Amino acid sequence: EGHEGHEHAAVAEEAESKVVAAAEQTTCPVMGLAIDKNIFVEYKGKKVYFCCPECKPKFEAEPEKYIAKLPQFKQ
């Protein structure tokens, strides 16, 4: 019985972290490093942040390749 309760708690925590992730991007979609809020582009009306200026043109060249990694574009 205790095991079922534990599983349920893990699912609730997972759902909670997804809500947080959906709200805010924390890592660069190109390099996967921490973002710098001063480096961004607007894509489809949403800001996409990067870790360094070099990542910006990489994203702009192939945005569809990277948006899967971005919480703000998850449905």
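The values are calculated or read from the model by the stated rules, or taken from the named source; none is laboratory data. This structure is a prediction, so every number in the text was calculated from the model and none was measured. Neighbour counts run over all protein chains shown; Cβ positions are idealised from the backbone, glycine included. To get the accessible areas, we keep the full protein, side chains included, count just its heavy atoms, and leave off ligands, DNA and RNA. Shrake-Rupley method; radii C 1.70, N 1.55, O 1.52, S 1.80 Å.
Pairs meeting the criteria (first residue in region 63-75 and farther than 10 Å from Tyr43 by Cβ, second residue open to solvent by 70 Å² or more (accessible area, probe 1.4 Å), beta carbons under 8 Å, at least 6 apart or on different chains) are Pro71/Ala23; Pro71/Glu24.
Scanning region 50-74 for residues that are of a type in the set (D, E, K, R) and within 10 Å of Pro29 (Cβ to Cβ) gives Lys58, Lys65, Lys69.
Per-residue answers, yes or no, for (1) modelled with pLDDT of 90 or more; (2) open to solvent by 40 Å² or more (accessible area, probe 1.4 Å):
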site: Lys18; (1), (2): no, yes
site: Ala23; (1), (2): no, yes
site: Pro57; (1), (2): yes, yes
site: Tyr66; (1), (2): yes, no
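Taken over region 33-46, the residue count meeting the criterion of being under 11 Å from Gln72 (Cα atoms) and surrounded by fewer than 12 Cβ atoms within 10 Å (Cβ to Cβ) is 2.
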